[in-house]
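What follows draws every value from the coordinates through simple rules; no lab data is involved. All values derive from a computational prediction rather than experimental measurement. Don't worry about glycine lacking a Cβ; one is built from the backbone with ideal geometry, like all the others, and counts go over all protein chains shown.
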Amino acid sequence: MNNQALLCRRVLAGTILAVSLAAGISAPASAATLPTPQLQTKKVIIAELHRAAYAQMYAYGEHMDTTWLGGVFWGGYAAVQRLTHSPLYAAVMRERARAAHYALGRRFGGLKNANNLCIGRLYEAVYALRHRPIMLTELRHAAQALARMKFNPGASVAGRWNRSAPWYWCDALFMAAPVLARLSAQTHNPHYLHIMNVNFARTQKMLYDPKEHLFYRDPHFIHAMDPNGHHIFWSRGNGWVLAAVAQILKYMPSDSPHRVRYVKLMQQMAGRLAQLQPADGLWTPSLTDPAWYPLPESSGTALDCYAMAWGVRHGILNKKRFDPVIIRAWAGLLKCQMSNGLIGRTQRTGSAPAWVSARCSRPYGVGAFLMAGSQMARLAPFNLPQIPPLPKPPVRHPAQHYVNHHIPKPTGEAFGRYVPERYDDIAWEDNRIAYRIYGPQLGLVEPAGSGIDVWVKSVRYPIINIRYKLGVYHVNLGNGLDCYETGFSRGCGGSGIWSKGRLWNSTYWQYYRFIKHGPRSVKFQVWYKPWKVGNGRMVWELRTITLRNGSNLNRISTVLESNKPGPITVGVGVANHGKGTLVVDAKNGMLSYWEPPQPHNGSTGIGVRVKPAQLVGVTHDRLNIRILLLKVNPGQKLTYWAGACWSKGLDFHTATQWKHYIKHFKPY
């Protein structure tokens with residue numbers, strides 16, 4: 001921490017301490033000395049809000065920067081200031097805004113990234129106290145730049161995804177849209193409201209599911225399924241949207257023709273969320289599949305509680321129907337407040353449902369709690385309902401995960417499926433060869449990579465279900481075995497990103513979707529969460545794998561996205577298993593590798609075919625005997641073919657036969 005940050009933290013901590021003392025609150029006490037009263041009065045709720053704000057500022061003051069994490073916290077902090085009219089809270093906000101020079105965030109994509117506008121909440125709150133134009137200068141420039149951004153309606157990837165849209169993820173609707181709506185109200189300039197309406201409508205059309213009345217987090221999830229076969233609707237992602245709608249309506253003129261659209265959206269989403277609320281009041285990370293991550297989560301719940309309470313107070317939501325929902329949510333949130341005042345059970349930063357720790361607290365979780373409390377204080381007094389105790393994180397064995405998942409049976413020679421009984425494998429095969437990739441549950445047991453593993457076989461019928469039922473993989477039972485070692489290599493034609501002289505690889509797949517289980521072909525998609533490449537660049541991937549019956553090579557199509565523009569160098573690698581027969585023909589875009597024989601298990605052949613026009617080089621590293629380097633732009637589909645054979649199988653027995661097959665392979 002530099003000296004300026006340390007000084008800023010001490011100033012802020014000292015100021016908030018003065019605020020707490022003025023409110024009659026000392027440093028956070030233990031849970032035993034601060035019981036939660038069943039009767040919630042305005043005074044009681046404000047005391048809890050002061051305690052949470054004090055704890056956040058004291059513990060994590062240096063993180064209250066201009067990123068979206070700080071922006072969400074200051075949004076909640078400003079809500080408490082408006083509730084209490086505290087001059088000391090106002091002084092803290094003015095000091096922080098002045099220290100930041102009223103600057104917006106600078107991370108990942110500049111003004112196109114809605115997260116960088118989130119800190120504008122602080123500057124608008126300060127402007128409401130002291131109307132100085134400099135406080136909104138950079139925010140106004142950002143809004144104008146957003147209006148000038150070009151948008152190509154025809155550039156789409158993965159269904160409805162249009163990556164040229166400035167706000168292509170649902171979080172953006174909270175980070176930026178209400179900031180623009182309030183900027184329009186404060187400057188009396190309807191142009192800012194128009195910019196917000198255009199971008200909000202575009203994102204809603206892209207991500208809103210009119211049947212579920214919920215938002216997908218981003219277009220990666222539109223066709224994705226969780227391991228239990230449900231569509232993925234993230235709790236905090238939908239909380240971002242619902243809270244954004246409440247704040248937009250707060251600052252939108254009552255005679256705006258767009259107002260009815262936001263009112264309808266709030267009513268639809270709130271109604272659906274009310275149906276999905278658990279008995280303890282806290283929504284789980286995955287809204288439509290609580291069994292996936294069966295733990296209560298506070299940040300999404302706080303955002304929902306805030307928006308619904310605001311809707312009830314302003315007559316948009318039915319009071320009789322939604323009062324029990326928001327009071328139950330508030331009761332659950334109070335149980336998440338730890339003895340030090342921070343709000344626990346907050347899912348870490350991410351883009352999808354994930355595990356939640358009981359003691360995990362983040363600035364945006366506290367900010368959302370402060371927003372929710374600022375509305376609940378205005379609804380007080382009310383009594384807290386009796387809710388079940390919040391569960392402890394369960395201890396589970398990954399091999400017993402998703403035991404009720406439907407296991408399809410093969411109906412032909414080509415077959416593939418998700419394997420819940422074995423650490424989230426995805427396995428597929430045809431009448432010649434079999435493959436598998438590793439899923440997230442394996443990461444709880446042992447480290448592994450995202451390379452493609454090979455199962456050699458010597459029969460024409462499917463063996464996947466037989467092998468998984470027996471639980472025997474590395475012994476030849478007369479139909480083949482797993483004698484191929486993948487580890488952290490790329491295995492049989494897996495891909496990574498080549499940058500700074502090394503290969504940067506993704507980890508396990510995060511989401512999957514089967515398109516065809518067979519019988520003539522297998523086709524599925526897997527999504528990989530963003531991973532770091534080189535100096536700060538982030539890359540994420542949608543991969544589609546197809547295997548036709550009678551072929552040894554998979555058709556692998558990948559679409560890579562990045563937070564930075566510019567081409568990406570993809571490395572397609574083959575695991576290094578010793579000095580075998582290796583042939584690399586750049587002119588024809590082919591690689592053939594006949595591995596040295598293993599005792600009793602023969603030789604495995606690996607082959608890769610790429611489009612020669614995309615091949616820009618060939619290299620290697622410690623784990624991969626060769627890596628074919630291919631250039632591709634973000635959002636552009638890259639297709640290549642990779643597969644294997646076995647010398648003891650039914651089709652290829654020598655390196656020459658395998659090389660001839662790869663050279664004359666007809667891509668499909």
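What is the fewest-to-most order of Leu249, Leu39 by other Cβ atoms lying within 10 Å of their Cβ? Walk me through the numbers before you get to the answer.
Working: Leu249 22, Leu39 10.
With the sparsest Cβ surroundings first, the list reads Leu39, Leu249.
Against the chain, whose longest principal axis is taken from its Cα atoms, helix 42-60 shows a tilt of about 50°.
Using Stokes-Einstein with the Kirkwood hydrodynamic radius over Cα pairs, what translational diffusion coefficient do you get for the range 420-567 at 20 °C and a viscosity of 1.002 mPa s, in µm²/s rounded to a whole number? Numbers along the way, then the final one.
Values: Rh = 16.2 Å.
Result for D is 132 µm²/s.
Between Thr654 and Lys392, the modelled labels are 6.6 nm apart [label points 7 Å from Cα along Cα→Cβ].
Just so you know, the averaged projected area of the alpha carbon convex hull for the range 478-549 sits at 6.4 nm².
So if each residue of separation counts as 0.36 nm, and I subtract the Cα-Cα distance between Asn189 and Val475, what length gain in nm does that give?
On the way: separation 286, 0.36 × 286 = 102.96 nm, distance 7.30 nm.
Taking 0.36 nm per residue and subtracting the Cα distance, the gain is 95.7 nm.
Once the Cα atoms of helix 137-148 and of the chain are each reduced to a long axis, what angle between those two axes, in degrees from 0 to 90 to the nearest 10, is obtained? Tilt relative to the chain: about 40 degrees. Charges were assigned to the Cβ only: +1 to each Lys and Arg, -1 to each Asp and Glu. The resulting dipole of the chain about its Cα centre is roughly 1240 debye.
Among 649-662, 296-309, sorting by the average number of other beta carbon atoms lying within 10 angstrom of each residue, highest first, gives 296-309, 649-662.
Within the set Lys523/Lys611; Lys211/Lys564; Lys532/Lys659; Lys211/Lys637; Lys205/Lys335, which residue pairs have Cα atoms separated by over 25 Å? Result: Lys211/Lys564; Lys532/Lys659; Lys211/Lys637; Lys205/Lys335 exceed 25 Å. Annotation: aspartates and glutamates with alpha-carbon distance below 19 angstrom to Lys392 (same-chain offsets under eight excluded): Asp280, Asp289, Glu297. When Rg and Dmax are taken over the Cα atoms of the range 197-342, they come to 15.3, 47 Å.
Every helix of 4 or more DSSP H residues in the chain counts as -39500 (n - 2.57), and over all residues that averages to -11000 deg cm²/dmol at 222 nm.
Annotation note: trypsin sites (Lys or Arg not before Pro) in the range 545-627 located in DSSP loop regions with a Cβ neighbour count of at most 11 within 10 Å are Lys579, Lys587, Arg622.
I need the calculated FRET efficiency for the pair Ile515 and Ala613, taking r as the beta carbon distance and R₀ as 25 Å, to the nearest 0.05. If you can, show how the numbers build up before the last one.
On the way: r = 28 Å, r/R0 = 1.11.
After rounding, the FRET efficiency stands at 0.35.
Our summary gives the range 404-663 a relative contact order of 18 percent, counting only alpha carbon pairs under 8 angstrom and 6 or more residues apart. Just to verify a number: FRET efficiency for Met149 and Asn465, C-beta to C-beta distance, R0 = 45 Å, to 0.05? Efficiency, from the Cβ-Cβ distance: 0.30.
A straight Cα-to-Cα reach below 17 Å connects Lys516 with the lysines Lys409, residues fewer than 8 places away in its own chain not being considered. Binning the alpha carbon pair distances of the chain at 10 angstrom intervals from zero yields the distribution 3, 15, 23, 22, 17, 12, 7, 2, 0, expressed in whole percent. Going by neighbour counts of Cβ atoms within 10 Å, the residues Ser86, Ser339, Ser235 line up, fewest first, as Ser339, Ser86, Ser235.
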